[in-house]
1. Can residue 162 be described as closer than 22 Å to residue 112 by Cβ and either in a loop (DSSP other than H, G, I, E, B) or in contact with an Asp or Glu (Cβ under 8 Å, 6 or more places away or on another chain) (or both)?
2. Out of 169, 159, 173, which single residue is in contact with a His (Cβ under 9 Å, 6 or more places away or on another chain), surrounded by 17 or more Cβ atoms within 10 Å (Cβ to Cβ) and modelled with pLDDT of 95 or more?
3. Could you check region 115-152 and list, in sequence order, the residues that are among the small types (Gly, Ala, Ser) and part of a helix (DSSP H, G or I)?
4. Return the total of residues in region 23-32 being touching a Ser or Thr at 6+ places or on another chain (Cβ under 8 Å) and not charged (D, E, K, R).
5. Across region 183-214, which residue is surrounded by the fewest Cβ atoms within 10 Å (Cβ to Cβ) among those that are more than 15 Å from the chain's Cα centre (by Cα), β-branched (Val, Ile, Thr) and closer than 25 Å to residue 26 by Cβ?
6. Could you look through region 119-136, keep only residues that are surrounded by 11 or more Cβ atoms within 10 Å (Cβ to Cβ) and among the β-branched types (Val, Ile, Thr), and pick out the one that is farthest from residue 170 (Cα to Cα)?
7. Of all residues in region 218-231, how many are under 19 Å from residue 166 (Cβ atoms) and within 16 Å of the chain's Cα centre (by Cα)?
Amino acid sequence: MENQLRLHYAPDNASLIIRLALYELEVPFETVLVDRATREQDSKAYRRLNPNGLIPVLETHQGPIFETGAILLWLVDKYASLGPDISSPQRGEFLKWLFFLSNTVHPELRQFFYPSIYVGDDQRAIHALRAQRAITLPVHLAKLDHQVGEQSFLLGSKMSVLDIYLCCMIRWMGLYPVGHTDWFDLATTSNLNNLAKKMECRGSVVQSIKVEGLGATPFSAPTLANPPEGTAT
């Protein structure tokens, strides 16, 4: 069926961003658990969907889509919701922040979480990379805090996929890697703190809390996920 979507996910992974967007859109979708405990993302079947072996993948009538930013942009354009359309005066503003989140903030988080992928197993190199990211990530957050300002959301009065994307990353900054989160303090960015609390009240987040075991305050005061199925790490 044209409108049938299938989300390949793991709890509290980047697929959470897509789940939240789909709940906001109120479109029907199926979920397929990718078992990280058995490295199912490296299986031949999953690599046929995403040759990079990363989560998530969204299967659509146009084929499987991977990369979080690409999926979000496809959803915005497909359903004419959760972001300005191509004719909107805000389209450029939307695109630049979407790509900032997907091309700058998200990759730097991955470097902080999985440094050995980028610098090998040398502990000095790992420490140096994490130390650098502990400097650059707060700079990015300060820019985003300034962008929100006294507005309700990143783009003004209307929530978009940008806010979903950002709040999920804020969650992970406060949790991972366990024992290496002392650089992060959401209270230093009061506008982002307010945004996180505001987003926690949305129905999409309440639904996701239940199905992924995220805890009552997943963005403003996150706790490690306790999902009913699968594993977050």
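1. Against the criterion (closer than 22 Å to residue 112 by Cβ and either in a loop (DSSP other than H, G, I, E, B) or in contact with an Asp or Glu (Cβ under 8 Å, 6 or more places away or on another chain) (or both)), residue 162 does not qualify.
2. Answer to the selection: 169.
3. Selection gives 116, 125, 128, 131, 134, 142.
4. 2
5. That would be 206.
6. Here the residue is 119.
7. Within region 218-231, residues that are under 19 Å from residue 166 (Cβ atoms) and within 16 Å of the chain's Cα centre (by Cα) number 5.
Residues are listed down the side, and each one gets a yes or a no for (1) touching a residue at least 60 places away in the same chain (Cβ under 8 Å); (2) on the phi < 0 side of the Ramachandran plot; (3) not charged (D, E, K, R):
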{"site": "182", "(1), (2), (3)": "no, yes, no"}
{"site": "196", "(1), (2), (3)": "no, yes, yes"}
{"site": "201", "(1), (2), (3)": "no, yes, yes"}
{"site": "223", "(1), (2), (3)": "no, yes, yes"}
{"site": "233", "(1), (2), (3)": "yes, yes, yes"}
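The values are calculated or read from the model by the stated rules, or taken from the named source; none is laboratory data. Since the structure is predicted, the reported quantities are computational estimates derived from the model, not experimental observations. When we count neighbours, we look across all protein chains shown, and the Cβ atoms used for this are built from the backbone with ideal geometry, even at glycine.
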